[in-house]
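Since the structure comes first, as structure tokens, the remarks are kept for the end.
No lab work stands behind these numbers, since they all come straight from the coordinates. Predicted model, so just to flag it, every value in this text is computed and none were measured. Here the Cβ is made from the backbone with ideal geometry for all residues, glycine too, and neighbour counts use every protein chain on show.
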Amino acid sequence: MRSSTFPFRRVGLLALVAVMAYAAGRPARSSLLLEIDTYDLVIANGRVMDPESGLDGVRNIGIQGDKISAISAEPLRGKATIDAQGLVAAPGFIDLHQHGQDAENYAVKAADGVTTALELEVGVADVDRWYGEREGQALINFGASAGHIPVRMAVMHDPGGWLPSGDAAHKVATPAEMQEIRSLLEKGLQRGALAVGLGPAYTEAATNQEIVDVFRDPRRALTDGIFMTPALVKLAPWPSCRIIGTLSEAHILLQALELDGSVA
């Protein structure tokens, strides 16, 4: 995942209609007050909600630089102050399934309280290029998976745009194509992809063996990370024919890979 490099105050203004993101290492107790006379920004009188600590009460938030430095029931002084009375301030929401990954979508997400938007289901083929196009320009944090769908499209030169319409959807991969697919997915993980994205409903010709092979090579990443599928996926009881099912069928994939995991 990559972090936004926009000045914090721009996101802070949007928090009036949405939520605030806590800095790393935020306190577990209900208030934090550092010895700072005047903060860069104070968000006053907001209803502060923190699921981790259970805090739910009216507080004042002191921001210094790009970090939340104080959460206090007492008044705080700031170079700038925003009155958030009647509004909620909370840790920023994380959207795991966000296909819109451009400036317009990021602005809407920020206004809706989302501070991290991740493209994990479909994912991307060229991880370096995808991150590079957003580095230093995104209003919120962003990240993506190495996607089986776009990688299959790249390998098979599929003419489709976002989703396949040609060979990547309708053709069984050759051994050489499978080797290239697995290689590109592994490269994506090494270059910063957060997961392996899988959408078998869009790659109907992908065999059960292909799906298993996709996850067999990066199994080390899976044990410490995740793989992402839509809520309704097409996974088969190994090794029988394919069926429509829910995420519970992902256990079959884990068993095929000899992994001990759970599916949320």
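List of remarks:
- All conditions but one from (1) in a strand (DSSP E or B); (2) surrounded by 19 or more Cβ atoms within 10 Å (Cβ to Cβ) apply to A80; the one that does not is (2).
- Only one of V127, V155, V172, V196 that is over 30 Å from G92 (Cβ atoms), touching a residue at least 12 places away in the same chain (Cβ under 8 Å) and surrounded by 18 or more Cβ atoms within 10 Å (Cβ to Cβ): V155
- Within region 112-140, the residues that satisfy the criterion of being under 25 Å from L185 (Cα atoms) and touching a Gly at 6+ places or on another chain (Cβ under 7 Å) are T116, L118, L120, E121, V122, G123, V124, A125, V127, Y131.
- Just one of (1) of a type in the set (A, V, I, L, M, F, W, C); (2) over 30 Å from A206 (Cα atoms); (3) surrounded by 16 or more Cβ atoms within 10 Å (Cβ to Cβ) fails for A103. It is (3).
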